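One structure is given below, encoded as structure tokens.
The values are calculated or read from the model by the stated rules, or taken from the named source; none is laboratory data. Please read all numbers here as calculations on a predicted model, not as lab measurements. All Cβ positions, even for glycine, are placed from backbone atoms using ideal geometry, and neighbour counts span all protein chains on display. Note: areas computed on protein heavy atoms with side chains; ligands, DNA, RNA excluded. Shrake-Rupley method; radii C 1.70, N 1.55, O 1.52, S 1.80 Å.
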Amino acid sequence: MTKNTTKDGKVAVSFWVDKEIADKLDYLADRGNITKSKLLSNMAEAMVHDMMILDKIGVVSIAVFYLNLKEAIKNKTTKFRDKKIIPDIMNVKMEK
């Protein structure tokens with residue numbers, strides 16, 4: 001028997017994220033008065049839309065490069081952020 005993964009024309013998708021990101025998603029969903037599932041669906045829809053536009057004009061590889069660069073920079077700055085040299089720009093409240 002196959003697990004039902006569709007509902008009203010939609011398909012279930014699951015993936016893992018860091019606890020810190022999950023907490024921020026919860027915060028944003030609460031602020032928007034929507035479920036985390038709806039928030040993620042909205043975010044994915046917006047990102048896919050943007051990526052499709054970039055693909056049509058032939059620059060999707062640049063967008064992927066940007067996302068990879070952003071992740072690499074995040075990983076490299078972790079040691080500084082841990083030392084409080086660089087504030088975590090993803091924090092909701094900034095420490096003074």
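Pairs needed: first member in region 41-52, closer than 13 Å to LEU67 by Cα; second member anywhere, part of a helix (DSSP H, G or I) and among the hydrophobic types (A, V, I, L, M, F, W, C); C-beta distance under 7 Å; at least 6 residues apart or different chains.
MET51/VAL60; MET51/ALA63
Residue-by-condition table, conditions (1) open to solvent by 90 Å² or more (accessible area, probe 1.4 Å); (2) over 23 Å from SER14 (Cβ atoms); (3) part of a helix (DSSP H, G or I):
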site	(1), (2), (3)
LEU28	no, no, yes
LEU40	no, no, yes
ALA46	no, no, yes
HIS49	yes, no, yes
GLY58	no, yes, no
ALA63	no, yes, yes
LYS70	yes, yes, yes
